[in-house]
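Presented below is the structure to which this report refers.
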Amino acid sequence: MTRKYFGTDGVRGRVGEVPITPEFVMRLGHAAGRVLAARDSARSHAKPGDRPAVLIGKDTRISGYMLEAALEAGFSAAGVDVCLVGPMPTPAIAYLTRALRLQAGIVISASHNPYYDNGIKFFAANGSKLPDDLELEIEAALDEPLTCVPSAGLGRARRIDDADGRYIEFCKGTFPFDMDLRGLKIVVDCANGAAYHLAPHVFHELGAEVSSIGTEPNGLNINQDVGATAPGALSRAVLAQAADVGIALDGDADRLIMVDSLGQVYDGDQLLFAVVRSRLRQGAVAGVVGTLMTNLALEHAFGELKVPFARAAVGDRYVMDLLRQKGWLYGGENSGHILCLDRHTTGDGIVSALQVLCALREEGGDLQQLLGCLRLYPQKLINVALSKGFPWQEHPLIAATRAEVERELQGCGRVLLRASGTEPLLRVMVEGQDPLLVNSAAERLATAVREAVSS
């Protein structure tokens with residue numbers, strides 16, 4: 001059965017357009033509530049009158065107020081209690097859902113997207129993303145009429161007042177107890193997002209001298225020219241303040257990009273390499289999962305370290321699925337999603353930064369010395385507009401041009417064509433050791449796609 005509303009990371013879209021409307025989101029809360037209530041009542045130790053409870057957090061988008069109220073109404077009508085925490089990182093909701101023994105966690109966020117988008121994503125009771133079968137069950141419940149349990153059974157809402165402190169302590173607990181960050185000057189960019197009131201405290205309480213940018217959200221400026229998707233602001237701040245390290249999160253704080261003292265930017269592939277190499281000093285690493293977009297240089301580097309490597313489809317959900325299948329602990333995406341399942345059940349920008357800083361402390365020196373040994377191959381990514389339903393996989397011009405480019409790369413590079421899961425775009429990526437060849441090949445392939453679409 002195909003999912004109609006759930007994508008790779010929950011339900012997402014433009015605010016005011018289906019599915020991100022108050023009416024739909026209330027129905028979504030009601031449908032999820034009914035499914036969770038039915039599952040909860042089936043527990044062997046469930047007592048009559050028990051109500052399941054969920055946690056709702058959000059980022060700093062102005063639409064979060066509206067969608068939070070709609071979700072709360074839907075869950076209450078289904079007889080589910082709601083715990084509210086306000087602005088809170090996505091990985092914090094995963095942690096708190098598990099720590100508070102709740103039936104699910106819900107995050108109102110569109111992650112790295114602009115403020116006019118928003119989304120709803122769910123975590124299961126164990127702090128991991130909802131399994132496919134549960135998402136399908138919720139989608140099926142969306143087709144049923146919106147009803148209301150009797151008044152005595154309505155869900156109640158309450159606010160969790162100590163959520164910030166709980167999560168800060170959790171993050172600090174993922175850093176070695178015999179280690180601190182004293183002597184490090186760190187700039188933290190919170191993207192005017194969900195971690196604006198949390199992330200600086202974590203690094204400060206571990207001993208670092210901390211300054212921050214992107215900590216003045218106004219509902220409209222999330223991810224705007226700051227954060228992991230715009231690391232230039234962090235580079236400039238690190239240079240201006242003569243800092244040792246810069247840490248950039250995205251709007252919901254599950255991505256991480258870092259900057260060294262010279263303003264050089266390091267992406268998720270490089271940071272994952274630092275974490276895995278640190279873990280190797282502590283013992284064997286069973287394997288690492290990347291994605292189709294992971295730089296070929298990282299795969300080669302893991303090969304030299306005798307660490308097995310596998311590629312999943314793009315999206316941290318698919319990285320997680322493959323990690324579970326293989327029983328491995330580490331994976332990530334070059335966009336900055338890093339999974340350390342020995343520390344958390346999901347990707348966490350703050351926790352990932354702490355693992356990189358741990359590696360930095362172990363080796364000494366600076367971030368450039370830590371990561372400079374991994375030379376990424378040039379990649380050129382071009383997004384080409386794609387009409388809905390266009391059969392690009394079978395088009396002869398695209399196929400012929402791709403084959404020609406792959407011959408020119410002579411086994412020293414890769415070509416990747418993939419349709420976006422959220423936009424009507426075909427992503428054209430060419431990677432190789434020769435930057436001139438990579439750029440020209442990508443432009444030629446993108447031109448072929450445009451000609452195919454226009455014809």
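The values are calculated or read from the model by the stated rules, or taken from the named source; none is laboratory data. A quick note: this is a predicted structure, and the numbers were derived from the prediction, not measured. Methodologically, a virtual Cβ is constructed for each residue, glycine included, from the backbone with ideal geometry; neighbour enumeration extends over all protein chains shown. Heavy atoms of the whole protein, side chains included, go into the accessibility calculation; ligands, DNA and RNA do not. Shrake-Rupley method; radii C 1.70, N 1.55, O 1.52, S 1.80 Å.
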Subject >> Gyration tensor (Cα) of segment 208-258, equivalent ellipsoid semi-axes in angstrom >> reply: 18, 11, 10
**OP:** Sorted from largest down, give the three principal axis spans of the alpha carbons of segment 354-455, whole angstrom values.
**Re:** 57, 32, 16
Subject >> Arg444 versus Glu363: modelled label distance in nm, points set 7 Å from Cα along the beta carbon direction >> reply: 3.7 nm
Subject >> FRET efficiency estimate (nearest 0.05) - Cβ-Cβ, Gln325 to Phe177, R0 30 angstrom >> reply: 0.35
Subject >> Sequence ranges 26-34, 381-389, 360-368, ranked by mean other-Cβ count within 10 angstrom, highest first >> reply: 26-34, 360-368, 381-389
Subject >> Calculated P(r) of segment 166-264 - Cα pairs past 20 Å, % >> reply: 32 percent
Subject >> segment 273-310: trypsin sites (Lys or Arg not before Pro) falling in loop per DSSP and having at most 14 other Cβ within 10 Å >> reply: Lys306
Original post:
Suppose R0 equals 35 Å; then what is the FRET efficiency for Ala242 and Leu220 from their Cβ-Cβ distance, rounded to the nearest 0.05?
Top reply: 0.65
**OP:** Just subtract the alpha-carbon distance of His197 and Ser41 from 0.36 nm times their residue separation and send over the number in nm, one decimal.
**Re:** 52.4 nm
Original post:
If you stretched the chain out fully between Asp342 and Asn126, how much longer would it get, using 0.36 nm times the residue separation minus the C-alpha to C-alpha distance?
Top reply: 76.3 nm
Subject >> Kirkwood Rh in Å, taken over segment 266-371 so that all alpha-carbon pairs contribute >> reply: 13.4 Å
Original post:
Dividing the convex hull volume of the alpha carbon atoms of segment 49-96 by its residue count, what do you get in Å³ per residue?
Top reply: 61 Å³
**OP:** Give the Rg/Rh ratio for segment 51-172, taking Rg as the radius of gyration of the Cα atoms and Rh as the Kirkwood radius, to two decimals.
**Re:** 0.96
Original post:
Roughly to the nearest percent, how much of the accessible area of segment 266-371 is carbon and sulfur, given a 1.4 Å probe?
Top reply: 50 percent
Original post:
Taking +1 at the Cβ of each Lys and Arg and -1 at the Cβ of each Asp and Glu, which of Leu239, Ala32, Ala286 sits farthest along the dipole of the chain towards its positive end, judged by Cα position relative to the Cα centre?
Top reply: Ala32
Subject >> Protein-only accessible surface order, largest first, of Asp180, Asp143 at 1.4 Å >> reply: Asp143, Asp180
**OP:** Could you tell me the largest-minus-smallest coordinate of the C-alpha atoms of the chain on each of the three principal axes, in descending order and whole angstroms?
**Re:** 69, 61, 42
Original post:
Given a cut-off of 15 Å, what percent of all Cα-Cα pairs of segment 98-142 lie beyond it?
Top reply: 53 percent
Subject >> Whole-number D in µm²/s for segment 413-455 (Stokes-Einstein; Kirkwood sum over Cα pairs; 25 °C, 0.890 mPa s) >> reply: 222 µm²/s
